[in-house]
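Q: Mind looking over this structure? Questions follow.
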Amino acid sequence: MKRLILPCLLCLAFATSAQWGEEPMSDKPDFKDRMFFGGGLGLSFDSYADYFSISPLVGYRITNKLAGGMSFQYRYTKYKTFNPAIKTNDFGVAPFLRYNVFGPIFLHAEYEYLNYEFPVTTTETTRIDFSSFLLGGGFFQPLGRNAGVFAMALYNFSYQAAANSFEPRAYDSPWVIRVGITAGF
């Protein structure tokens with residue numbers, strides 16, 4: 001477990017995501033003023049696997065408090081316990097809605113589709129599709145106009161525990177916790 005702490009901290013340090021503050025929109029904002037961009041970056045190394053992920057995001061402010069958008073995900077994993085190492089690629093897309101409830105508190109709803117590749121033998125991989133409905137909330141603290149820190153807890157209502165330890169699954173728990181430093185563009 002201690003070996004996972006440093007990689008998890010590195011993932012958190014590299015995480016980015018687009019957000020907006022409490023600033024009101026003008027009476028008739030143009031399309032460009034309602035758009036926001038950002039994304040996430042993950043990196044992890046341990047004796048079992050090396051991991052890299054990137055997840056760009058594009059969003060649209062519907063009102064001062066409600067925004068919707070789409071994030072895209074690419075994840076590369078190199079499983080080092082196999083000889084030779086097995087390399088896999090995962091792809092995903094996640095439309096979302098986010099509502100600022102009060103101050104820094106927000107609600108978040110997301111549907112995630114993930115095409116997950118995993119090893120089945122020492123030389124062979126296969127793919128499986130996962131669909132997840134995530135719902136929860138979080139906290140966003142601005143650090144200036146285009147940056148901040150966030151923490152959110154989402155519950156995966158589509159989660160099903162694996163029947164055995166060899167059954168592939170996108171998440172190890174129904175809870176998805178995201179924490180990071182944000183930067184909007």
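The values are calculated or read from the model by the stated rules, or taken from the named source; none is laboratory data. Just so it is clear, the structure is predicted and the values come from calculations on it, not from any experiment. When we count neighbours, we look across all protein chains shown, and the Cβ atoms used for this are built from the backbone with ideal geometry, even at glycine. SASA here: full protein model, heavy atoms, side chains in, ligands and nucleic acids out. Shrake-Rupley method; radii C 1.70, N 1.55, O 1.52, S 1.80 Å.
Q: Restrict the check to the stretch 157-171 and report whether at least one residue is open to solvent by less than 40 Å² (accessible area, probe 1.4 Å) and at pLDDT 95 or above.
A: We begin by selecting, within the stretch 157-171, every residue open to solvent by less than 40 Å² (accessible area, probe 1.4 Å); these are 162, 168, 170.
Checking the rest, the ones that are also at pLDDT 95 or above come to none.
No, every residue in the stretch 157-171 fails to be open to solvent by less than 40 Å² (accessible area, probe 1.4 Å) and at pLDDT 95 or above.
Q: A further question on this structure: Of all residues in the stretch 111-123, count the ones that are open to solvent by 80 Å² or more (accessible area, probe 1.4 Å) and either at pLDDT 90 or above or within 18 Å of Leu57 (Cβ to Cβ) (or both).
A: Going through the stretch 111-123 one residue at a time, the tally reaches 1.
Q: Still on this structure: I want to confirm something. Restricting to the stretch 7-43 and keeping residues that are open to solvent by less than 20 Å² (accessible area, probe 1.4 Å) and not in a loop (DSSP other than H, G, I, E, B), which single residue is modelled with the highest pLDDT?
A: Within the stretch 7-43, the match that is modelled with the highest pLDDT is Gly42.
Q: Tally up the residues in the stretch 123-145 that are among the hydroxyl-bearing types (Ser, Thr, Tyr) and either without any contact (Cβ under 8 Å) to a residue 12 or more places away in the chain or within 19 Å of Val101 (Cα to Cα) (or both), please.
A: Qualifying residue count, the stretch 123-145: 1.
Q: In this structure, does Thr77 turn out to be outside any strand (DSSP E or B) and either of a type outside the set (Phe, Trp, Tyr) or open to solvent by less than 20 Å² (accessible area, probe 1.4 Å) (or both)? First the steps, then the outcome.
A: Values: outside any strand (DSSP E or B): no; either of a type outside the set (Phe, Trp, Tyr) or open to solvent by less than 20 Å² (accessible area, probe 1.4 Å) (or both): yes.
Against the criterion (outside any strand (DSSP E or B) and either of a type outside the set (Phe, Trp, Tyr) or open to solvent by less than 20 Å² (accessible area, probe 1.4 Å) (or both)), Thr77 does not qualify.
Q: Give me the residue from the stretch 80-110 that is in contact (Cβ under 8 Å) with a residue 24 or more places away in the chain and among the aliphatic types (A, V, I, L, M) and, out of that set, surrounded by the most Cβ atoms within 10 Å (Cβ to Cβ).
A: Among those that are in contact (Cβ under 8 Å) with a residue 24 or more places away in the chain and among the aliphatic types (A, V, I, L, M), it is Ile86.
Q: Hey, another quick one. Any residue that is assigned to a loop (DSSP other than H, G, I, E, B) and of a type in the set (A, V, I, L, M, F, W, C) - is there at least one of those in the stretch 133-142? Before you say what the answer is, go through the steps one by one.
A: We begin by selecting, within the stretch 133-142, every residue assigned to a loop (DSSP other than H, G, I, E, B); these are none.
Within the stretch 133-142, none of the residues are assigned to a loop (DSSP other than H, G, I, E, B) and of a type in the set (A, V, I, L, M, F, W, C).
Q: Mind checking which residues of the stretch 70-101 are over 13 Å from the mean Cα position of the chain (by Cα) and closer than 18 Å to Leu135 by Cβ?
A: Leu97, Arg98, Tyr99, Asn100, Val101
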